[in-house]
Amino acid sequence: MIVLGIETSCDETAASVVEFKNKKKKILSNVLYSQFKEHSSYGGVVPEIAFREHIKLIDKITLQAIKKSKKKFLNIDAIAATGGPGLHGGLLIGTTIAKGLALSLNKPFIAINHLEGHILSPRLENNLNFPYLVLLVTGGHTMIVIAHKIGKYEILGATLDDALGESYDKIAKLLNLGFPGGPQIETFAKKGHPIFNLSKPLLNSNDCNFSFSGLKTSTIRNVELEKNKKKNFKYDICASFQHAVYKILETKCKNAFQIFKNKYPNKNNFVVVGGVASNNFIRQKIKKLAKSFKFNLIVPKKILCTDNAAMIAWTAIEK
Ligand code: KG4
Ligand code: ZN
């Protein structure tokens, strides 16, 4: 089976061809344009700009994905596109192109849930069997999920306000670090020390829900207090923010490990997916944590953590 996947739900215009043949999975092409330049002066994604960029790029990106895969449109068995959640303009572009192609090639069109794409992405490059535990941390969502099987996902907890990636982006904007904020904060944090005790909401709620708005407010307060005092305060603020983020993730993961073990005593696969999963500090810390609880951690390679179309094509193949 060969599937063309299209992803346009936010600020990445992406297309990919994935093949599943003789039980072997292969990404034949994975083309992506990240609209960082277009949105950076705004410190976040501007939906109207994203929409117009997708219109400009989608033809070129799709054709490149086909060309790089060394296949022809006629070899494609199905066309998949992200159907949601996401920004409406982008979703409209991706699904319209995919439906048009499907109609003209007389092949099925498959709409894919973006979050399911992230959740199933580790199965593209690993031998990962169901059930498994998932920490999903993106720019729009933060949740802990049990993937029981394809199409059956149990949400153990989710953010009650901001998503984790969104919090990274907002703090980066506050500190004038550019967009997207996650990688910038990670870089700045390496030079600093976690000297500020920032608030960690819901730490004792004994569940898997998250709240990041209080952490954001407490970071803003500290920035206001410190910005004129120390030359390198940005490094320390970033290190303190990341430290607080990890402490929250650690507590929630521990709660989730317990719930998962009660349901599946003999299973131990744990995956972290989404843009924030590409953060090395978070990856390393969670790896240690998983090991100490006898969980086997799987994190997709970075290009498959952030938004991409290979996960969309793969999810269509799974379905
Ligand atoms: O999964 P993703 O590409 O798109 C969504 O589905 O939202 O995630 C994007 C988010 C952004 O908020 C970005 O700042 C964050 O992932 N991100 C990171 C890093 N790289 C991307 N956050 C922390 N550290 C990183 N290295
Ligand atoms: Zn995403």
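The values are calculated or read from the model by the stated rules, or taken from the named source; none is laboratory data. Source: prediction; values computed, not measured. Every residue, glycine among them, receives a Cβ derived from its backbone with ideal geometry; neighbour counts consider all protein chains shown.
Just a few scattered comments:
- Some residue of the stretch 97-109 being touching a strand residue (DSSP E or B) at 6+ places or on another chain (Cβ under 9 Å), modelled with pLDDT of 95 or more and surrounded by 23 or more Cβ atoms within 10 Å (Cβ to Cβ): yes
- Every condition in (1) away from ligand 2 (no atom under 16 Å from the Cβ); (2) out of contact with any Pro (no Cβ under 8 Å at 6 or more places or on another chain) is met by GLY181 except one, and the failing one is (1).
- Summed over the stretch 109-129, the residues that are away from ligand 1 (no atom under 13 Å from the Cβ), of a type outside the set (A, V, I, L, M, F, W, C) and over 22 Å from LYS24 (Cβ atoms) give a count of 0.
- For the residues PHE20, PHE73, PHE51, PHE36, the requirement of being within 22 Å of GLY274 (Cβ to Cβ) and either surrounded by fewer than 18 Cβ atoms within 10 Å (Cβ to Cβ) or more than 17 Å from the chain's Cα centre (by Cα) (or both) singles out PHE36.
- Residue within the stretch 221-232 that is surrounded by 15 or more Cβ atoms within 10 Å (Cβ to Cβ) and either within 19 Å of ALA163 (Cα to Cα) or within 27 Å of the chain's Cα centre (by Cα) (or both) present: no
- Residue in the stretch 30-44 that is away from ligand 1 (no atom under 16 Å from the Cβ) and either over 24 Å from GLY182 (Cα atoms) or at pLDDT 95 or above (or both) present: no
- Among the residues of the stretch 47-61, those identified as aliphatic (A, V, I, L, M) and closer than 9 Å to ASP11 by Cβ are ILE49, ALA50.
- Odd one out for ALA158 among (1) crowded, with 20+ Cβ neighbours inside 10 Å; (2) within 16 Å of ligand 2 (Cβ to nearest atom); (3) part of a strand (DSSP E or B): (1)
- Residues of the stretch 144-153 that turn out to be in contact with a strand residue (DSSP E or B) (Cβ under 8 Å, 6 or more places away or on another chain) and in contact (Cβ under 8 Å) with a residue 24 or more places away in the chain, as a count: 5
- Complete set of residues in the stretch 165-199 that are among the β-branched types (Val, Ile, Thr), crowded, with 18+ Cβ neighbours inside 10 Å and more than 8 Å from ligand 1 (Cβ to nearest atom): ILE171
- Counting residues in the stretch 53-65 that are at pLDDT 95 or above, among the β-branched types (Val, Ile, Thr) and more than 14 Å from ALA313 (Cβ to Cβ) gives one or more.
- Among helices (runs of 4 or more DSSP H) entirely within the stretch 205-319, having at least 2 residues that are of a type in the set (Phe, Trp, Tyr) and farther than 30 Å from ASN30 by Cβ singles out 233-263.
- Pairs meeting the criteria (first residue in the stretch 29-41 and more than 14 Å from LYS60 (Cα to Cα), second residue of a type in the set (Phe, Trp, Tyr) and not in a strand (DSSP E or B), beta carbons under 6 Å, at least 6 apart or on different chains) are HIS39/PHE179; SER40/PHE179.
- Candidates are the residues of the stretch 261-319 that are among the aliphatic types (A, V, I, L, M) and more than 16 Å from ligand 1 (Cβ to nearest atom); the one that is surrounded by the most Cβ atoms within 10 Å (Cβ to Cβ) is ALA313.
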